[in-house]
Amino acid sequence: MSDAALLDELLDPFTRCPDTESAQRVAEFRIAPSVHERVDALAGRANEGVLTEDERTDYEALISAADLITILKLKARRRLTLNVHP
């Protein structure tokens, strides 16, 4: 099983818990502009090959968190769609 499939399976129970209002909030969540700016700056440094070890750790953590948030948002949207079209 791929890492993505394992993560999907791990998170699935959490996405069945929220009520419709909570699912809507998750689906509408936006990452703060300051976080986007930091990721963009780190991405630029990564592309240039000049990240420090601490920056690489931060960048990887931010990307992992963004991936997790994306999966939760997709699951929340799917839940909302299923609630509208059972």
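The values are calculated or read from the model by the stated rules, or taken from the named source; none is laboratory data. Computed from a prediction, not measured in an experiment: that's the story for all the values here. Don't worry about glycine lacking a Cβ; one is built from the backbone with ideal geometry, like all the others, and counts go over all protein chains shown.
Annotations
- Test: residue in region 57-67 that is more than 13 Å from the chain's Cα centre (by Cα), among the charged types (D, E, K, R) and either at pLDDT 90 or above or under 29 Å from Asn83 (Cα atoms) (or both): yes
Every residue, every condition in (1) part of a helix (DSSP H, G or I); (2) surrounded by 10 or more Cβ atoms within 10 Å (Cβ to Cβ); (3) among the charged types (D, E, K, R), yes or no:
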position: Met1; (1), (2), (3): no, no, no
position: Ala4; (1), (2), (3): yes, yes, no
position: Asp8; (1), (2), (3): yes, yes, yes
position: Ala23; (1), (2), (3): yes, yes, no
position: Arg30; (1), (2), (3): no, no, yes
position: Asp58; (1), (2), (3): yes, yes, yes
position: Asp67; (1), (2), (3): yes, yes, yes
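- The one condition in (1) assigned to a helix (DSSP H, G or I); (2) surrounded by 13 or more Cβ atoms within 10 Å (Cβ to Cβ) that Leu51 fails to fulfil: (1)
- Condition met for Leu62 (touching a residue at least 60 places away in the same chain (Cβ under 8 Å) and surrounded by 10 or more Cβ atoms within 10 Å (Cβ to Cβ)): no
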